[in-house]
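Below is one structure, written out as structure tokens; the observations come after it.
The values are calculated or read from the model by the stated rules, or taken from the named source; none is laboratory data. Just so it is clear, the model here is predicted, and its values are computed rather than measured. Every residue, glycine as well, gets a Cβ built from its backbone with ideal geometry; the counts of neighbours run over all protein chains shown.
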Amino acid sequence: MKSNSLYDVAIIGGGLAGLTMAIQCARAGYNTLLLEKEAYPFHKVCGEYISMESFDFLQGLGLPLSQWNLPLIDTLNISDVKGNLYNFNLPLGGFGISRYKLDTALYTFAQQKGVNVITQTKVNSITFHNEVFNIETTGENFTAKCAAGSFGKRSNIDVKLQRPFIQSKAAGLNNYIGVKYHIRYPQPKNIIALHNFSNGYCGISNIEDDKCCLCYLTTAASLRKSGNSIQQMEQNILMQNPHLKAIFSDAEFLYEAPLTISQISFAKKSQVQQHIIMAGDAAGMITPLCGNGMSMAMHGGKLAFDNIQQFLTGKMNRALMETQYAAQWQRQFNKRLFTGRVVQRLFGNNTTTSVFLKLMNKNAWLAQKIISSTHGTPF
């Protein structure tokens with residue numbers, strides 16, 4: 001295996017955090033490597049709603065969002081398990097865009113900025129020795145002064161690093177599955193809807209090209225009870241909610257088969273592990289019902305870049321960079337994550353979901369406080 005030259009920054013994982021971080025690093029003049037196990041373009045399990053806090057940031061990177069005629073979303077509809085529907089305003093609002101379109105655009109832009117993007121390459125290990133990271137892949141080996149992990153919800157690297165959330169029992173906030181489709185359905189363009197069902201909830205919102213993203217989260221136990229059949233689970237559990245019955249019965253499904261991901265964990269994660277700066281879902285996940293994971297990933301990538309730049313310019317040592325980044329990340333996102341975990345426990349239940357939604361519906365100030373606490377400000 002041959003080795004490459006020493007990079008300033010090596011980023012493992014080409015999702016939103018990794019791609020936006022790589023663009024910022026290259027734009028600042030750093031020799032930047034990005035390693036991604038898939039080949040662009042590709043779909044990902046994701047709700048595909050982005051709060052407006054990220055709009056100016058993405059346009060600042062060079063993406064012409066204003067020219068893409070993307071659906072703008074300002075209203076949240078939530079139904080309980082029985083289908084009772086409640087409406088809430090989204091003060092900040094958001095927009096819909098598929099990960100297929102957004103990630104591909106960022107990938108192209110990263111290459112244009114000079115990032116060395118290597119796809120279809122799995123990272124086997126990352127080790128740190130004598131102030132240099134050694135990265136072993138299925139192809140070449142690489143070295144870098146700084147390494148960032150943006151490898152998503154769960155990775156073989158998490159296992160290699162023996163991260164605590166990987167070693168936790170598969171229960172509680174640590175054993176969810178996600179399922180996603182693209183569909184055509186007459187969903188109002190300004191509305192994102194969350195429909196509860198037993199032990200889960202399903203979101204639907206518009207994206208580009210008059211398509212909708214339909215994505216739901218449930219427990220691994222629900223799938224097992226349905227004989228490990230997604231179709232049977234949808235028929236027997238999801239479609240008990242009349243809104244979901246209408247969607248699954250009437251929509252045009254555009255995938256041959258659903259996209260799925262398992263063993264999703266909302267447990268707490270560390271932002272630095274063995275000197276690797278974590279960003280995106282690798283640093284911590286907000287529950288999908290809060291609709292802000294994509295914005296959090298990009299904002300986290302910006303925080304990571306800011307601290308890496310201070311280290312590379314000699315304004316701080318590695319220990320201070322790591323401590324400061326972790327503190328900034330927690331200060332920015334811990335309240336959101338806490339709120340998300342609390343609300344997560346109230347959803348997907350016949351009784352608690354209904355009581356919670358009725359309470360929010362009668363107390364507009366409470367609804368706005370909860371919604372605002374899961375959103376940040378433009379960065």
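When region 329-379 is limited to residues that are buried (at least 17 other Cβ atoms within 10 Å of the Cβ) and of a type in the set (Phe, Trp, Tyr), the one that is farthest from residue 272 (Cα to Cα) turns out to be 356. Within region 337-367, the residues that satisfy the criterion of being closer than 28 Å to residue 281 by Cα and either among the aromatic types (Phe, Trp, Tyr) or touching a His at 6+ places or on another chain (Cβ under 8 Å) (or both) are 338, 347, 356.
For region 287-326, a residue qualifies if it is surrounded by fewer than 24 Cβ atoms within 10 Å (Cβ to Cβ), touching a residue at least 24 places away in the same chain (Cβ under 8 Å) and not in a helix (DSSP H, G or I), but none of them does.
Confirm whether residue 79 is touching a helix residue (DSSP H, G or I) at 6+ places or on another chain (Cβ under 8 Å), buried (at least 19 other Cβ atoms within 10 Å of the Cβ) and of a type in the set (S, T, N, Q). Yes, satisfied. All conditions in (1) in contact (Cβ under 8 Å) with a residue 40 or more places away in the chain; (2) closer than 15 Å to residue 215 by Cα hold for residue 187, with the sole exception of (1). Checked against the criterion of being touching a Pro at 6+ places or on another chain (Cβ under 7 Å) and surrounded by 15 or more Cβ atoms within 10 Å (Cβ to Cβ), the candidates 137, 104 yield just one match: 104.
Counting only residues that are touching a residue at least 60 places away in the same chain (Cβ under 8 Å), surrounded by fewer than 21 Cβ atoms within 10 Å (Cβ to Cβ) and within 19 Å of the chain's Cα centre (by Cα), region 82-96 holds 1 of them. Within region 185-209, restricting attention to residues that are aromatic (Phe, Trp, Tyr) and out of contact with any His (no Cβ under 8 Å at 6 or more places or on another chain), the residue that is nearest to residue 357 (Cα to Cα) is 197.
Considering 211, 269, the condition of being among the charged types (D, E, K, R) and within 27 Å of residue 339 (Cβ to Cβ) is satisfied by 269 alone.
Please indicate, with yes or no, whether at least one residue in region 15-23 is crowded, with 24+ Cβ neighbours inside 10 Å, of a type in the set (S, T, N, Q) and under 30 Å from residue 125 (Cα atoms). Step through it out loud before you land on a result.
From region 15-23, those crowded, with 24+ Cβ neighbours inside 10 Å are 15-23; that's our starting set.
Filter once more, so that each one left must be of a type in the set (S, T, N, Q): 20.
The next check asks that each one be under 30 Å from residue 125 (Cα atoms); those that pass are 20.
Among the residues of region 15-23, at least one is crowded, with 24+ Cβ neighbours inside 10 Å, of a type in the set (S, T, N, Q) and under 30 Å from residue 125 (Cα atoms), which makes the answer yes.
Just the residues that are part of a helix (DSSP H, G or I), among the hydrophobic types (A, V, I, L, M, F, W, C) and closer than 30 Å to residue 309 by Cβ, please, taken from region 327-379.
From region 327-379, those part of a helix (DSSP H, G or I) are 327-346, 350-362, 364-373; that's our starting set.
Cutting the leftovers down to among the hydrophobic types (A, V, I, L, M, F, W, C) gives us 327, 329, 333, 337-338, 342-343, 346, 355-357, 359-360, 364-367, 370-371.
327, 329, 333, 337, 338 - these are the residues of region 327-379 that are part of a helix (DSSP H, G or I), among the hydrophobic types (A, V, I, L, M, F, W, C) and closer than 30 Å to residue 309 by Cβ.
Okay, residues lined up against (1) in contact with a helix residue (DSSP H, G or I) (Cβ under 6 Å, 6 or more places away or on another chain); (2) farther than 30 Å from residue 364 by Cα:
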residue	(1), (2)
24	yes, yes
45	no, yes
65	yes, yes
70	no, no
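Here residue 165 clears all of (1) crowded, with 21+ Cβ neighbours inside 10 Å; (2) among the aromatic types (Phe, Trp, Tyr); (3) within 20 Å of the chain's Cα centre (by Cα) except the condition numbered (1).
A Cβ distance below 8 Å, combined with a sequence gap of six or more or placement on separate chains, defines the contacts here; from region 260-284, residues that are without any contact (Cβ under 8 Å) to a residue 60 or more places away in the chain reach residues that are of a type in the set (Val, Ile, Thr) in the pairs 271/277. Screening residue 134 on (1) under 25 Å from residue 311 (Cβ atoms); (2) touching a residue at least 60 places away in the same chain (Cβ under 8 Å); (3) of a type outside the set (Phe, Trp, Tyr) shows it passes everything except condition (2).
Of the residues examined, residue 151 is not one that is aromatic (Phe, Trp, Tyr), farther than 30 Å from residue 178 by Cα and modelled with pLDDT of 85 or more.
Is it the case, given these coordinates, that residue 247 is at pLDDT below 95, more than 21 Å from residue 9 (Cβ to Cβ) and surrounded by 14 or more Cβ atoms within 10 Å (Cβ to Cβ)? Step through it out loud before you land on a result.
Working: at pLDDT below 95: no; more than 21 Å from residue 9 (Cβ to Cβ): yes; surrounded by 14 or more Cβ atoms within 10 Å (Cβ to Cβ): yes.
So residue 247 fails the test.
Would you be able to say whether some residue in region 239-261 is under 22 Å from the mean Cα position of the chain (by Cα) and either closer than 25 Å to residue 335 by Cα or among the small types (Gly, Ala, Ser) (or both)? Within region 239-261, one or more residues are under 22 Å from the mean Cα position of the chain (by Cα) and either closer than 25 Å to residue 335 by Cα or among the small types (Gly, Ala, Ser) (or both).
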